[in-house]
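The structure under discussion appears below in the form of structure tokens.
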Amino acid sequence: MEEMGEEDDTIEVKAILIGGHFVGKTSLINVTIGLKFNSHLKPTITSSYVEKVFKINKKKYLIKLWDTAGMEKYRTLNKLFYKNSKIVIFVYDITRKESFEELNFWTNEIKKELGEDVILGMVGNKIDLVDFEQVDESIARDYAKNKNADYKLVSAKENPNIFAAFLKEMLIKYIDKNNIRLTNRKGNNLKINLNNKRKRNGCC
């Protein structure tokens, strides 16, 4: 159980995006923090993170959102940055079937490195290109369900708010799972009520 005082600092939560190259991980991260969509980004070759603050029940939660390398020759570096991750979101490109098939590698690696005590999500990116879709949504949803991961279709280009909302859902799930409590000025523990909220540089 985690606790914090009413006037304590923001709680930090580490989250990482995992997936093959050119699936749009960097784009999703960039638009989530308010940057413009850029279709000419180079592949990520090392991990880095940005910070995103969410306010839930009048308390602030800072997500350190890590971007990871998708190209095979750089993947071994990712393991250095998995430590202490609380939320893992797998990303694939709906227009590239191979990026979906690669999720077997990523999900197995995360299970091996982090175990099962993490919050998992899975997103199919680039739904703005649905006319070129190669991955059936129902198959992807079943796959996510089998991996105990929440699922969402998103577009970094056309609607960045969808991914930001999904990220917040993952955060709320983490808070709920870990029974995070607040302490008021009188020293009494207050359980966060999350039921109405589910609407829709170091390496550690």
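Testing Lys126 on (1) at pLDDT 85 or above; (2) at positive phi; (3) surrounded by fewer than 19 Cβ atoms within 10 Å (Cβ to Cβ), one condition comes back false. Which one is that?
(3)
Within segment 10-29, how many residues turn out to be modelled with pLDDT of 90 or more and open to solvent by 50 Å² or more (accessible area, probe 1.4 Å)?
Number of matching residues: 1.
Which residues, counting only those in segment 135-158, are surrounded by 19 or more Cβ atoms within 10 Å (Cβ to Cβ) and in a helix (DSSP H, G or I)?
The answer is Ala140, Tyr143, Ala144.
Quick check: is even one residue across segment 164-178 more than 20 Å from Val53 (Cα to Cα) and either modelled with pLDDT of 95 or more or open to solvent by 70 Å² or more (accessible area, probe 1.4 Å) (or both)? Write out each step before concluding.
Initially, segment 164-178 is screened for residues more than 20 Å from Val53 (Cα to Cα), giving none.
No - not one qualifying residue is present in segment 164-178.
List the pairs whose first member sits in segment 80-92 and is more than 19 Å from Ile172 (Cβ to Cβ), whose second member is of a type in the set (Lys, Arg) and assigned to a strand (DSSP E or B), and whose Cβ atoms are under 6 Å apart, counting only residues at least 6 apart or on separate chains?
As it stands, the answer is Asn84/Lys14, since those pairs meet every condition given.
The values are calculated or read from the model by the stated rules, or taken from the named source; none is laboratory data. Bear in mind the structure is a predicted one, so any value in this text is a computation, not a measurement. All Cβ positions, glycine included, derive from the backbone under ideal geometry; neighbour counts span all protein chains shown. Side chains included, ligands, DNA and RNA excluded: accessible areas come from the protein's heavy atoms. Shrake-Rupley method; radii C 1.70, N 1.55, O 1.52, S 1.80 Å.
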